[in-house]
1. Compute the normalised compactness of the stretch 4-85: alpha-carbon radius of gyration over 2.2 N^0.38 Å, N being the residue count.
2. Once label points are set 7 Å from the Cα along Cα→Cβ at both I70 and A47, what is their separation, rounded to one decimal in nm?
3. So who's got an amide H within less than 5 Å of the one on H27, skipping anything under 5 residues away but keeping other chains? H placed 1.01 Å off N, in plane.
4. At 7 Å along the Cα-to-beta-carbon direction for both R32 and H85, put a label point, then send me their distance in nm to one decimal.
5. Under a cut-off of 17 Å between alpha-carbon atoms, report the aspartates and glutamates in cross-link reach of K37, not counting same-chain residues fewer than 8 places apart.
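What follows is calculated from the coordinates using simple rules that are stated; it is not laboratory data. On a predicted model such as this, the values are computed, not experimentally measured, just so you know. So basically every Cβ, Gly included, is an ideal-geometry build from the backbone, and we count neighbours across all protein chains shown.
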Amino acid sequence: MSFRTFSVGRASDADIQINGQSVSRKHLELTRTDDGKYYLIDANSTAGTRIRKGESWELMKQGFVNESDILLLGKEEVQVRQLVHSIKH
């Protein structure tokens, strides 16, 4: 097994940078599993991480996400697919 974990936040050394004052410097970690799934862990961010479920937003501390899922990082809305495609190689 070889998992790859990526840091997401507004810090300059984050693997995936998200600009926005409501995004924590280290907001969350996104891990890609061997079978191509993604597991999200909120890094105790100030504003929290939410996932869209229907018409509402649910607080998410950790769990599997799909590329089509939409997240709310503070006030910044982003699709998991956008995060995945912006990974620094």
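1. On the way: Rg = 11.5 Å, N = 82, 2.2 N^0.38 = 11.7 Å.
My calculation over the Cα atoms of the stretch 4-85 gives 0.98.
2. Calculated label separation equals 1.6 nm.
3. Amide H neighbours of H27: V8, G9, R10.
4. 1.4 nm
5. Hits, sequence-local ones excluded: E29, E67, D69.
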